[in-house]
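What follows is a short report on a single structure.
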Amino acid sequence: MKMKKLTGVICAAAVTLGMMTSVFANPSISTVSYDPESVTAEAQDSIPDGMKVEVQEPDTTRYGNKETAEVVDSLNSEDKKITMEEAMDKLNVDPAKVKTENTDKEINPLDYDFITKFADLVLTDGTNVKYDNDGNVVSAKVTFKAEAAKGAKAENLLIMQIDPKNGKVYFIEILPEDFDPETGEITVTFPCLGPFTILEKTQADA
């Protein structure tokens, strides 16, 4: 049976992907600051009472898919390192057969680099965390600011998200009308909950 999608909307100030002073193995990748914000009243009707869509620091012990946990841990760790090629191999993604989720555009992930660490999009009541609503997929429209994306071109950016339950990988194209290069503000509809990061096309391919 096809799972129903429930949509949540997070307000504009919900999360900021910002540059923070830190030393870690993957150089030039931004860490993520977490500023949770409640979903709007309109979206609240689509999720259980007392719960909201929120962005948190990933806790990979909650993931049902070990490959997802390994990739997220490797990118976010201060003493590990992972390349895009290694991530695609670990997640069993054929780079030659990838299309964006929202625009059905053919892309090659190997043409991109990670520019932020993973953040986790979750459903929570403040204590308990879920990645679906009793088996129903929760799709969330989120607006956030990414310091690492300032000055970039929308056509060179992608969102990469992984379903932590099954390891399915989604690539989401950032549309020009949904991106402000001066502030780094991005609006994107995530197909599910779970870890996400921002990718930028490498200079040789941009």
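The values are calculated or read from the model by the stated rules, or taken from the named source; none is laboratory data. All values reported here derive from a predicted model rather than from experimental measurement. With ideal geometry, Cβ positions are generated from the backbone for all residues, glycine too; neighbour counts draw on all protein chains shown. SASA here: full protein model, heavy atoms, side chains in, ligands and nucleic acids out. Shrake-Rupley method; radii C 1.70, N 1.55, O 1.52, S 1.80 Å.
Descriptive notes on the structure:
- Reported count of residues in segment 71-88, each being under 14 Å from PRO58 (Cα atoms) and aliphatic (A, V, I, L, M), is 3.
- Within the option set ASP180, ASP132, being open to solvent by 10 Å² or more (accessible area, probe 1.4 Å) and in contact (Cβ under 8 Å) with a residue 12 or more places away in the chain holds for one residue only, ASP132.
- Single residue of segment 65-82 satisfying the filter (modelled with pLDDT under 95 and not in a helix (DSSP H, G or I)) that is farthest from LEU175 (Cα to Cα): ASP79
- Residue, farthest from ASN92 (Cα to Cα), within segment 172-206, restricted to residues that are of a type in the set (A, V, I, L, M, F, W, C) and in contact with a helix residue (DSSP H, G or I) (Cβ under 7 Å, 6 or more places away or on another chain): PHE179
- Across segment 31-58, the qualifying residues are those that are closer than 22 Å to PHE114 by Cβ and open to solvent by 60 Å² or more (accessible area, probe 1.4 Å), and the one among them that is modelled with the highest pLDDT is GLU57.
- Each residue in segment 63-91 was checked for being surrounded by 14 or more Cβ atoms within 10 Å (Cβ to Cβ) and touching a Pro at 6+ places or on another chain (Cβ under 7 Å), and 7 of them qualify.
- Looking across segment 157-177, just one residue is touching an Asp or Glu at 6+ places or on another chain (Cβ under 6 Å) and without any contact (Cβ under 8 Å) to a residue 60 or more places away in the chain, and that is LEU157.
- Of all residues in segment 141-152, none are touching a Ser or Thr at 6+ places or on another chain (Cβ under 7 Å), modelled with pLDDT of 90 or more and acidic (Asp, Glu).
- Residues satisfying the stated conditions in segment 133-156, i.e. farther than 30 Å from PRO181 by Cβ and touching an Asp or Glu at 6+ places or on another chain (Cβ under 9 Å): VAL137
- Check on ILE172, in contact with a Gly (Cβ under 7 Å, 6 or more places away or on another chain), surrounded by 18 or more Cβ atoms within 10 Å (Cβ to Cβ) and modelled with pLDDT of 90 or more: no
- Flag for LEU123 being closer than 18 Å to ASN166 by Cα, out of contact with any helix residue (DSSP H, G or I) (no Cβ under 9 Å at 6 or more places or on another chain) and open to solvent by less than 20 Å² (accessible area, probe 1.4 Å): yes
- Residue in segment 98-114 that is touching a residue at least 24 places away in the same chain (Cβ under 8 Å), hydrophobic (A, V, I, L, M, F, W, C), open to solvent by less than 20 Å² (accessible area, probe 1.4 Å) and touching a Gly at 6+ places or on another chain (Cβ under 7 Å) present: no
- Residue check, ILE115 modelled with pLDDT of 95 or more, touching a helix residue (DSSP H, G or I) at 6+ places or on another chain (Cβ under 7 Å) and among the aliphatic types (A, V, I, L, M): no
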